[in-house]
Amino acid sequence: MNPDLRAIARLRGEPGFDEAVLATSFGEEDPGVRPHALVRARSAADVSLAVLWARGRNWKVACCSGGHAWSQNHIRDGGLLIDLSALDGIAIDPVKRSAEVGPGCVSGDLDAALSPHGLFFPVAHAFSVGMGGFLLQGGFGWNSRMVGLGCDNVTGADVVLADGMLIHANHAQNEDVFWALRGSGTGFFGIVTKYYLALHKRPGFTGIKMQVFRLRHLEKVVRWANEIGPQISSQVEFQMVVNRRAFGIFSHGIEIVTPVLAESRPEAKELVAFIDNGPLRPAASLTLPLIGAPLGSIMKVAEKIIFPTGTRWHADNVWLDGPVEQVIPVLREAAETQPGAPSHILWLNWNPAPRARDAMAFSIEARTYLAFYGGLRGKKWQPSDRDWATKAAGSLMTNSVGSQLADENLLRRPARVLSEPNLSRLEALRTQYDPARRFFSFGGN
Ligand SMILES: Cc1cc2nc3c(=O)[nH]c(=O)nc-3n(C[C@H](O)[C@H](O)[C@H](O)COP(=O)(O)OP(=O)(O)OC[C@H]3O[C@@H](n4cnc5c(N)ncnc54)[C@H](O)[C@@H]3O)c2cc1C
């Protein structure tokens, strides 16, 4: 083995190998399988070398950046795992309003680097999510209803292909690869070693408005959320979170959580006034005033509360467009069977603005995003809790238009994650760029 590669490789069976593989994952679940080897890349050149090494041994290749895929898609049975977390550089050009970031850079670090320049990128909601996987699958980030998905704001990328070559892909060169890397997520046929991003002016105010209901109000809260969704400003994210230890009431309830990004506090207050003035306010256990805070602090605190470390996560999701009445019984059942906190159900009024999105692999979105996060901690959970998210999302398959790759669960439940024409194009490109199927793809292949 090349000595440069040997210095950053660990082989299965070596002391500490299992721990090193599991440490690449945000989730605590042990998927029970292991790659043949793990390489911790420090540069694009390391990635090329590692891909060529795997090729020489006829191994498949998986990679990870921030390790936040709920399905732990990167830990496969056999093959080579390339860990890109050390490729975490950030270079900002404030004049051009652009940035170059390594895939291992995490959302909160990018936001913190942009803030002093008064610049903004729709990074993921939780601080520690890796930009590598986040941008590849689409990337529903902060203010994405306003400024687009993360991948809408990618202007180029450096990619190592199955033959070990490092290429640049953008609108003008390797357009096919550029098309694919915006939305194919775990189905991408290459490894991104750097992203080139377009930046936005930073909103002057960031805050959150919250209202909390007891679970007995579920049906009317859902009907209300569904009805008002299309009228809510794109600067506001309307989320409903159902969990067994809802904020302030410490029992089974529904938290209405509405982040708002605006130019000023008065503007933000106006944008979330529909909550104070809503018809359900008398039924609410709690309606908090709008709380302003720096985005970085919100990201850190929210992650600690909603996604505590040391949790075995099992998530799944559906995009919904159909009548809400068909969904309500499933939601009720999912709420009644949900494991203890931090497990939760997320209802997001996505209501995509009719915008001219570039042609790209990302192709499924709908009025409502519904995701189930089973978070199992300590000894309290039952084996059936493991299947809760899969079961709940699966029972909405016929009502859904597909699933989002962000919270994918394709190793456990096949789902439609790209439109038919885009999936066909992606598979044709895979045959062209990765004929030997060197890279692991969606689900089990
Ligand atoms: C706490 C938490 C909060 C989240 N919040 C959001 C959110 O607000 N919005 C949202 O859209 N999603 C969110 N997600 C989902 C998250 O964006 C996806 O799981 C994403 O894939 C994570 O990226 P990663 O690099 O951290 O993950 P990884 O597990 O490292 O990567 C996931 C997969 O992407 C592929 N991949 C990763 N990096 C590369 C690369 N450089 N080149 C090629 N392929 C690569 C691999 O197939 C890998 O298995 C969240 C997840 C968690 C755990």
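The values are calculated or read from the model by the stated rules, or taken from the named source; none is laboratory data. Source: prediction; values computed, not measured. Ideal geometry is used to build each Cβ from the backbone, glycine not excepted, and the neighbour counts take in all protein chains shown.
Of note:
- Selected residue (only one of Ala246, Ala273 is at pLDDT 95 or above and either on the phi > 0 side of the Ramachandran plot or surrounded by fewer than 18 Cβ atoms within 10 Å (Cβ to Cβ) (or both)): Ala273
- The set of residues in the stretch 29-48 that are surrounded by fewer than 20 Cβ atoms within 10 Å (Cβ to Cβ), out of contact with any Ser or Thr (no Cβ under 7 Å at 6 or more places or on another chain) and aliphatic (A, V, I, L, M) comprises Val33, Ala45.
- The criterion of at least 3 residues that are modelled with pLDDT of 95 or more and surrounded by 15 or more Cβ atoms within 10 Å (Cβ to Cβ) is met, among strands (runs of 3 or more DSSP E) falling completely within the stretch 331-445, by 344-349, 368-376.
- Highlighted here are the helices (runs of 4 or more DSSP H) found entirely within the stretch 104-153 that include at least 3 residues which are more than 6 Å from the ligand (Cβ to nearest atom), touching a strand residue (DSSP E or B) at 6+ places or on another chain (Cβ under 9 Å) and modelled with pLDDT of 95 or more: 107-114.
- Restricting the stretch 3-22 to residues that are within 31 Å of the chain's Cα centre (by Cα) and charged (D, E, K, R), the residue that is surrounded by the most Cβ atoms within 10 Å (Cβ to Cβ): Arg10
- Residue check for Val51: within 13 Å of the ligand (Cβ to nearest atom) and within 21 Å of Met131 (Cβ to Cβ): yes
- Residues being within 9 Å of the ligand (Cβ to nearest atom) and part of a loop (DSSP other than H, G, I, E, B) - total across the stretch 80-103: 5
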